[in-house]
Amino acid sequence: IIVFLLRMVSALNRTVKAFATAKRERRMQRGLVVLGDGFAAVQAGQQASANRLTKDSYKLLGDSSAVLVLKLVSAKLGNDSLEIQTAAKALLGRPQTELAALRTLAIRAQADGDNVGALRHAEKALASKDAPDWALKMVLDIRISMGLWTDAIAVLDTKLGKTIFE
């Protein structure tokens, strides 16, 4: 009788675990579909739908990188400065998404006329191991527009690994 009861408990335990795993997988599948639909809504320019799908994907998938990127592009679609800032700052906390966040923050600062803020974000991106071309271009453009020619040449010297005017 004890062996029978142990087997029943074990079988019941496996069934509960299998049910929980299947439920988690269905939730993940629904989340991925909603996430894809959210990106499609952004691509189609459907702001209200994109916002709703962003919230739904967050409920299903949590704060994964893909959901945070959807939140960012959805906020950009609606030109919601506060939401753009919030989403970008959330992306800053992850090394894989930091450059995307820095680019967004730099472009936003520049659009708002904050060249100092844009320069700060672009310089941070430029200092990263895999410095993107946009960061170098933005740093040079802003420094030149501010009349900081020596600083602009110093950036080029650093990135090219040699002195330009030798």
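The values are calculated or read from the model by the stated rules, or taken from the named source; none is laboratory data. Here the structure is a predicted model, which means the values were calculated and not measured. In this analysis, Cβ positions are derived from the backbone assuming ideal geometry, glycine residues included, and neighbour counts consider all displayed protein chains.
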Filter the range 43-60 for residues that are of a type outside the set (Gly, Ala, Ser) and surrounded by 20 or more Cβ atoms within 10 Å (Cβ to Cβ) and give the result. 51, 53, 54
In the list 57, 81, which residue meets the criterion of being farther than 30 Å from residue 152 by Cβ and either in contact with a helix residue (DSSP H, G or I) (Cβ under 6 Å, 6 or more places away or on another chain) or of a type outside the set (Lys, Arg) (or both)? 57
Any residue in the range 29-54 that is under 10 Å from residue 74 (Cβ atoms) sitting within a Cβ distance under 7 Å of a residue that is among the basic types (Lys, Arg)? List the pairs, counting only those 6 or more apart or interchain. 54/71
Could you count how many residues in the range 116-166 are modelled with pLDDT of 90 or more and among the polar types (S, T, N, Q)? 1
